[in-house]
Amino acid sequence: MGNLEREVRMLQEVRHPSVVRLLEVFDEGADSIFLVTQFAAGGDLFDAVAAEGAWPEGRAKTAIFLLLDAVAHLHRLGIVHRDIKPENILLTCDTKSDAGNSHGSAETRGHHESLLLADLGFARYETDLSNSRQNGVPLCGTPEYMAPEIVLAARHAALVKTGGSQNSVRGNSSSLLPVDRAADVWAVGVVAFVVLGGYLPFGSADDGADNELLFERIAVSALSVE
């Protein structure tokens, strides 16, 4: 099963208010397939935090609750996302407009804000991951959000040499890569840190850190707390 075919199948299977909905698929032939998904007017979480800075605890708590609920739904269906990050979390309202709204209290502004977990391009069924470990599991995801067990396995196998910040990466195969539900949960924790702190806990290539330095920090849980 190809990646796009798998993603379409998963999106058709998933029914959750915090996972982006697939509305239509247009197969134009000649390798041209268009997916029509639910519209999210607020852009993605990464841009929102970059523009606004750290979120208040109450707002962040609601966002992480919704994200955890979405991830739990995927896991109940036997799906591991494998690339949870703020860029793949969409907001269903325009937070910039809400922030400038002078009506109501700070607590009530943005009351209708919700989020959608999107981009299942790297997602896999757990059964596929279990079977593929026989022949090796390709490294994928975004370095800043990778779990320590994946980082340690990747470093051991020398799968990742260099890479840019905030870019999903792939590598060669290794039977050591423990890509499972726990990796998704770790990534949610990193997202929670970003939302509450306004920055990445282990740095990024934008700060001059290459993948090797990021992996070293993640492996020893060397948090950068400002």
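Read-outs: derived from the displayed coordinates by stated rules, not from any lab. Note that the structure is a prediction, hence the values are computed from the model and not measured. As a convention, Cβ positions derive from the backbone with ideal geometry for all residues, glycine included, and neighbour counts pool all protein chains shown.
Rounded to the nearest whole Hz, the Karplus-based 3J(HN,Hα) values (6.51 cos²θ - 1.76 cosθ + 1.60, θ = phi - 60°) of the range 23-34 follow the sequence 9, 7, 10, 10, 9, 8, x, 6, 6, 10, 10, 10, with x at glycine and proline. Leu214 sits among other residues whose Cβ lies under 10 Å from its own Cβ, and their net charge, with Lys and Arg +1 and Asp and Glu -1, is -4. Computed 3J(HN,Hα) for the range 116-126, one whole-Hz value per residue from the Karplus formula 6.51 cos²θ - 1.76 cosθ + 1.60 where θ = phi - 60°, is 9, 6, 10, 6, 9, x, 9, 5, 9, 6, 4, glycine and proline marked x.
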